[in-house]
Amino acid sequence: MWFKNVRVYKLSAPLSTDISVWEQALAEFKFTPLTAQEAVRSGFSFPLHPSIKQYCHACQHLLFFAVKRQEKILPAAVINEEMQPRLEAMEQEKGRPLSRKEKQSLKEELQLSLLPRAFSRSSLTQGYYDADNQWLVINSGSAGKAEDVLALLRKALGSLPALPWLDNHKLNSHLQLWLQNQALPAGFNLGSDAELKAPDEEGAKVKFSNHLLSADEVQSHLQDKLVTSISLERPDALSCAITDDGAVKRLKFHDLLTGQNDELGWEDLSARLDADLLLMATALNSALLSISQQLSETA
């Protein structure tokens, strides 16, 4: 239940906080398993636990949801092995090499015929709507996966005026300052990981891990490179890496935080998961709010 990477989107208009409205809307687009001829399918699933049959879980001002994605696995090696004899047979039949278009058509036919025999793989992406801060937090570092979740939410809810939570221009300016240990978000300390990239065509890159970022050998790269990722830490709460496209990656919550609900045990699964979600989201929201407020100031 503890998020590992997040993409955050700011809403320009509030969404309904009526749990019954969400439950009905998400249930209409619930996940159902793939058919034999389908390659991929997504739908809403249960965010708390498979045994807790709720498509939307309310926790104070937060509404949690989850999207399940199932896709067939067709390894390239398998496709190539099946493709070669068919390709040779068709070229012999036609008495000439196949065109690029013909090869692609043959490959697509082959993939379709292999789908019923392919194994399937499932993944679950959780997220929540924060009514107080008017943002959606998706538990994924991938912009593509997060956008897929937003697209499904948009279908279910009818409208979703969402944009990335941070201004890229301001973020890029602040990343440069943060590496110099300046203008850090409130409550944050500079971490020990950073990545930089030159803005020219060659795009030279440099990466520092578990390194003293105030060292001259790190700071000197600011003369000709831009910071693309930097780690920040909140004592006794969490650590993370902020990337230049606004993603929050490598989220790690402090043991002192994750252990706060241990006394509750697991006898009441719903109550424990609810408590952990609230604890996680409260710490994460506080960190996100600190970062967004810092960027609202002039770099």
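Gain on full extension, evaluated as 0.36 nm per residue between Ile73 and Ser105 minus their Cα-Cα distance, stands at 9.6 nm.
Ordering Glu201, Glu147 from the fewest to the most neighbouring beta carbons within 10 Å gives Glu201, Glu147. Computed over the alpha-carbon pairs of region 173-235, the distance histogram in 10 Å steps reads 23, 57, 18, 2 percent, short to long. Each residue of region 228-240 is assigned a 3J(HN,Hα), and the resulting list reads 9, 7, 8, 8, 10, 10, 10, x, 6, 10, 6, 10, 6 Hz, derived from the Karplus form 6.51 cos²θ - 1.76 cosθ + 1.60 (θ = phi - 60°), x at Gly and Pro.
Listed by chain and number, the lysines whose C-alpha is less than 18 Å from the C-alpha of Lys205, apart from same-chain residues fewer than 8 away, are Lys197, Lys225. Farthest towards the positive end of the charge dipole of the chain, among the residues Phe46, Ser173, Thr228, is the Cα of Phe46, using unit charges on the Cβ of Lys, Arg, Asp and Glu.
Sorted largest first, the spans of the alpha carbon positions of the chain along the three principal axes are 71, 53, 37 Å. A viscosity of 1.306 mPa s and a temperature of 10 °C, combined with the Kirkwood radius over C-alpha pairs in the Stokes-Einstein formula, give region 76-116 a diffusion coefficient of 151 µm²/s. Would you look at the GNM of the chain, springs on alpha carbons closer than 10 Å, and say which of Ser12, Ser220, Ser142 moves the most? Most flexible of the set in this elastic network: Ser220.
Once R0 is set to 30 Å, what does the formula 1/(1 + (r/R0)^6) return for the Cβ-Cβ distance between Asp236 and Ser142, expressed as a FRET efficiency to the nearest 0.05? So, using R0 = 30 Å, E works out to roughly 0.55. Pick out the long, greasy-scoring helices in the chain: whole DSSP H runs spanning 30 Å or more along their own axis by Cα, mean Kyte-Doolittle at least -0.5. Qualifying helices, which must be both long enough and hydrophobic enough, are 269-295.
For Lys155 and Arg121, a Förster radius of 22 Å and the Cβ-Cβ distance give a FRET efficiency of 0.45, rounded to the nearest 0.05. Counting every alpha-carbon pair across region 3-161, the share separated by more than 19 Å comes to 62%.
Just checking the listed ones, Gly187, Gly141, Gly95: in the Gaussian network model of the chain with Cα springs under 10 Å, the one fluctuating most is Gly95. For the Cα trace of region 260-299, dividing Rg by the Kirkwood Rh returns an Rg/Rh value of 1.28.
Across the options Ser292, Val218, Ala275, the greatest Cα extent toward the positive end of the charge dipole of region 143-299 (unit charges at beta carbon of Lys, Arg, Asp, Glu) belongs to Ser292. With 0.36 nm allotted per residue and the present C-alpha distance subtracted, the Ser209-Met83 stretch has 41.0 nm of extension available. In units of the compact-protein estimate 2.2 N^0.38 Å, region 168-295 shows a Cα radius of gyration of 1.23. Go ahead and collect, in residue order, the members of region 115-135 whose backbone nitrogen is under 20 Å from a label point 7 Å along the Cα-Cβ direction of Thr282. Answer for this model: 127-135. The stretch between Leu256 and Leu177 holds 25.5 nm of extra length on full extension. This uses 0.36 nm per residue minus the Cα-Cα distance.
Every number in this text was worked out from the coordinates using simple rules, so none of it is lab data. On a predicted model such as this, the values are computed, not experimentally measured, just so you know. Because the Cβ atoms are built from the backbone with ideal geometry, glycine has one as well, and the counts that use them run over all protein chains shown.
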